């Protein structure tokens with residue numbers, strides 16, 4: 001009798017143990033499926049807390065992939081950030097001087113070098129391939145510093161900006177197409193503006209060849225001044241398809257090292273939908289991996 005009682009007790013304990021395992025396993029699975037341990041993307045409500053800015057999600061069904069769009073995605077969120085002054089740089093107010101215009105599936109972005117226009121009302125001006133103005137100007141604001149969001153417009157090939165809808169416009173810049181579905185480069189490098197009278201060719205060659213070994217396939221190279229021999233080397237990288245060059249200039253006095261904030265904004269826009277990963281690098285900086293094997297490209301994969 002005692003033997004059968006012992007067996008029954010063991011079976012009962014095993015059943016209780018299995019039941020507890022099931023309950024705890026179910027509870028933990030439910031908890032872990034609802035609590036994001038690592039936030040891999042910003043899909044929350046607009047938040048500005050401890051310098052953390054999380055944009056609202058943009059549902060794919062709201063994107064108008066036609067050539068003409070009728071609203072700026074997240075404009076309400078931009079307005080809230082403008083009200084807080086986030087990303088404002090300041091400085092002497094300047095007239096409009098353009099860098100480039102980029103077309104994405106949901107909007108156009110036009111970048112300028114003009115300082116202290118953060119939050120200013122500004123008008124997007126559209127031009128066709130022949131240089132004739134296309135339709136009415138679109139009213140927008142400068143946000144973040146140097147950047148203006150514009151609607152897409154069918155037939156537009158060039159863009160300009162003005163402070164009022166009837167002002168004389170700055171010479172229009174061509175629209176760079178970034179609407180392609182496939183990204184061309186996996187890992188690229190944005191090179192900080194080159195300036196000064198010293199020869200830069202050796203540093204430039206070292207930088208390009210080092211990051212090629214690290215898996216970079218493209219270089220966005222910015223310059224304010226560059227010596228003739230270094231320019232010859234840079235032109236050869238452009239010829240082989242390894243790089244493109246962007247010359248930064250405007251009509252106003254600015255210290256050479258003050259161009260980097262413009263470069264950061266432009267390279268973010270220029271590389272979007274063209275490169276999946278970008279590294280912002282000064283001419284004398286060399287990144288290597290120390291705790292893991294392989295190249296930067298391997299690590300990003």
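Bear in mind that the values in this text are calculations on the coordinates, not laboratory data. Only a predicted model underlies this, so the values are computations on that prediction, with no experimental measurement involved. Because the Cβ atoms are built from the backbone with ideal geometry, glycine has one as well, and the counts that use them run over all protein chains shown.
Descriptive notes on the structure:
- If you bin all the Cα-Cα distances of the range 104-188 at 5 Å, starting from zero, the percentages per bin are 3, 14, 25, 24, 17, 10, 6, 2, 0.
- Binned Cα-Cα distances of the range 185-300, short to long, each 10 Å bin given as a whole percent: 13, 46, 32, 8, 1
- Mean-position separation - Cα centroids, the range 228-271 and the range 150-180, in angstrom: 21 Å
- Using a cutoff of 8 angstrom between alpha carbon atoms and counting only pairs six or more residues apart, the relative contact order for the range 185-300 works out to 41 percent.
- The order of 301, 152, going from fewest to most other C-beta atoms within 10 Å of their C-beta, is 301, 152.
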